[in-house]
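First up is the structure itself, then whatever we jot down about it.
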Amino acid sequence: MSIKILDAKGLKCPMPIIKAKKEIDAMSPGDLLEIHATDPGSVADFQGWSKMSKTAVLKDQRTEGGSDGKPVYIHVLERR
Amino acid sequence: MNAEHATTVERLLEKADAGEPFLLLDVRNDDEYEAWKVEGRRQIEMLHIPYFDFVEDPGLVAQVLSDRREVLVLCAKGGSSGFVAELLRAAGITAKNVEGGMIAYGDYLQPVCVPLDADEADRFEIWQLNRRGKGCLSYVIRCGTAAIVVDPSRNVRAYARLVERLGARLVGVFDTHVHADHLSGGPELARLSGASYCMAAGTGGELKHAVTPVREGEEIRLGDAPGRSLAVRVVETPGHTPGSTSFLVGRRHLLTGDTIFVSGIGRPDLGGYVAEWGRVLYHTLHERLGALPDDVVILPAHYADVSEIRDDGVVAGRLGEIRRTVLELQIRSAEEFVEAMKSALSAPPEIYSRIIATNLGTSQVEAEEAAEWELGKNQCAASGH
């Protein structure tokens, strides 16, 4: 099992999900992908996508303060 | 962006209003879609599939049936819809991205000229700018080379452009009251044009913007050619807010702000004093507006439903007709009116208190955040819908 971090900061939709999908599809079952995004819309969109995704399960979502003081939205996915 | 691959909110609404055949594919997430959708004056054929469904399974394009109709794709800001439109085009479907998405829809102002009777039409003009996404109405009034703007939205360049197109100079910017549902463009438009920003003297001590106060009975004169000038008279109509003011343009057009609408009245509870303000509103509706003749045309600051837009594109109603048809105006005592208000009204959106603070000038907001605050339609009416 491995954990990979995907830096999606500064990317606007649909890019965080397109990149996450590409990464997760290439991973092995049980692997984790942690996406760091700055688009607030990514929170609802990762929830929506993971509900219907064949490869990604949403394990956790949290918000942290970025280096510039603006929030970073962290989404943790597990490869199904 | 390739013009064949993109379209605008303006064009989308033109097509929808004219009943042209097209399919609107909204690719936002479920919550966003349920909360707020594009409305045309005629029914829009709409399909909702979130963009991430297409990311997961690009084969979904087969679900977007195309009988050679055009597909317009819409999302929150125009990014994801561009991606989906491209997928559709790759599958041979004629698809265009609606640039700017729902943010652009919320900002778009549709200018419509209000028809006037012959005795007034040769002297001045009234333009109603319909903010279709929110149901907000603002006005540009021109006489000679002078123009004023009433209740401008945040998208202030649209007003400056229209005034310029009419060959006029902006001499005053007015707000009928401190808005709760949307950010006023008044202070910025005044700064941009050098015109003064005017509000009722009774607006309240909390107001931090520099305003020129206007008072009951005062007349704003536009145009100076003999027999060609226009008087806009200040009519104090408190109730929706303590400082709510209406403007009588010429002899028969009354800009009422949120005091009275075509199919309802303004809610008196947004300041948290429903009993006190409700009583004042009752007095305004029956005594102050009661003194005006039936043929006065009401031009409000809001509408609640696209059905209120007339065939000529204008939202307006005769005062007599409004008095006859709006339920709240049939109540004949202030006590009963206040009780009806208390029981009918649901809590206003939480964001309204922050919008009020910004419009008073006691706090500020960044442009991007401002757009988030203003998502969705207004909830300023106490009735009708």
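For the pair the range B:225-291 and the range B:117-171, the centres of their Cα atoms are 19 angstrom apart.
Here's the list of aspartates and glutamates a cross-link from B:K15 could span, going by alpha-carbon distance under 17 Å and ignoring same-chain residues fewer than 8 apart: B:E4, B:D26, B:E39, B:E45, B:E70, B:E99, B:D311, B:D312. Taking only protein heavy atoms and a 1.4 Å probe, the accessible area of the range B:1-81 is 46% carbon and sulfur. Shown are A:S28, B:S333, whose ranking by accessible area with a 1.4 Å probe and every protein chain present, most to least, is A:S28, B:S333. Note on the protein assembly as shown: antiparallel DSSP beta bridges, both residues inside, total approximately 60 percent of the bridges counted.
For the interface of chains A and B, what total accessible area is buried with a 1.4 Å probe, rounded to the nearest 100 Å²?
Rounded to the nearest hundred, the buried surface is 1200 Å².
About its Cα centre, chain B has a charge dipole of approximately 1040 debye under the convention of +1 per Lys or Arg Cβ and -1 per Asp or Glu Cβ, with nothing else charged.
Going from the isolated chain to the complete set of protein chains, the range A:9-39 loses at least 20 Å² of heavy-atom accessible area (1.4 Å probe) at A:C13, A:P14, A:I17, A:I18, A:K21.
With the charge dipole of the range B:21-84 set up from +1 on Lys and Arg Cβ and -1 on Asp and Glu Cβ about the Cα centre, the Cα lying farthest toward the positive end among the listed residues B:I44, B:A76, B:V64 is that of B:I44.
What pairs from A:K19/A:K54; A:K12/B:K77; A:K54/B:K96; B:K37/B:K96; A:K9/A:K70 go past 21 Å between their alpha carbons? Listed pairs above 21 Å: A:K54/B:K96. Taking only C-alpha pairs under 8 Å that are 6+ residues apart, what is the relative contact order of the range B:1-69 in percent? That works out to 33 percent. In chain B, the longest principal axis of the Cα atoms and the axis of helix B:351-360 are about 50 degrees apart.
Other residues within the sphere of radius under 12 Å centred on the Cβ of B:Y159, judged by their own Cβ, net out at +3 (K and R +1, D and E -1). Measure nothing but the geometry: give the 0 to 90° angle between the long axis through the Cα atoms of A:15-25 and the longest principal axis through the Cα atoms of chain A, rounded to 10°. It is inclined by approximately 30 degrees.
Which GluC sites (Glu not before Pro) from the range B:271-365 combine a DSSP loop assignment with at most 16 other Cβ atoms within 10 Å? Those that pass, being in a loop and sparsely packed, are B:E350.
Would you work out which of B:G185, B:Y303, B:F247 lies farthest towards the positive end of the dipole of the protein assembly as shown? Charges go on Cβ: Lys and Arg +1, Asp and Glu -1. Selected residue: B:G185.
Take every DSSP beta bridge with both residues inside chain A and express the antiparallel ones as a percent of the total, to the nearest 5. Each step should come with its number before you reach the end.
On the way: 15 of 21 bridges.
Counting DSSP beta bridges with both partners in chain A, the antiparallel share is about 70 percent.
Over chain A, Cα pairs under 8 Å with separation of 6+ residues give a relative contact order of 35 percent. Computed from Cα atoms, the angle from the helix B:274-283 axis to the main principal axis of chain B rounds to 60 degrees. Note on the range A:1-32 and the range B:36-115: Cα centroid distance 26 Å, given to the nearest whole angstrom.
The values are calculated or read from the model by the stated rules, or taken from the named source; none is laboratory data. Only a predicted model underlies this, so the values are computations on that prediction, with no experimental measurement involved. A quick note on method: Cβ atoms are made from the backbone with ideal geometry, for glycine too, and the neighbour counts reach across all protein chains shown. Side chains are part of the model used for accessible areas, which takes the heavy atoms of the whole protein and leaves out ligands, DNA and RNA. Shrake-Rupley method; radii C 1.70, N 1.55, O 1.52, S 1.80 Å.
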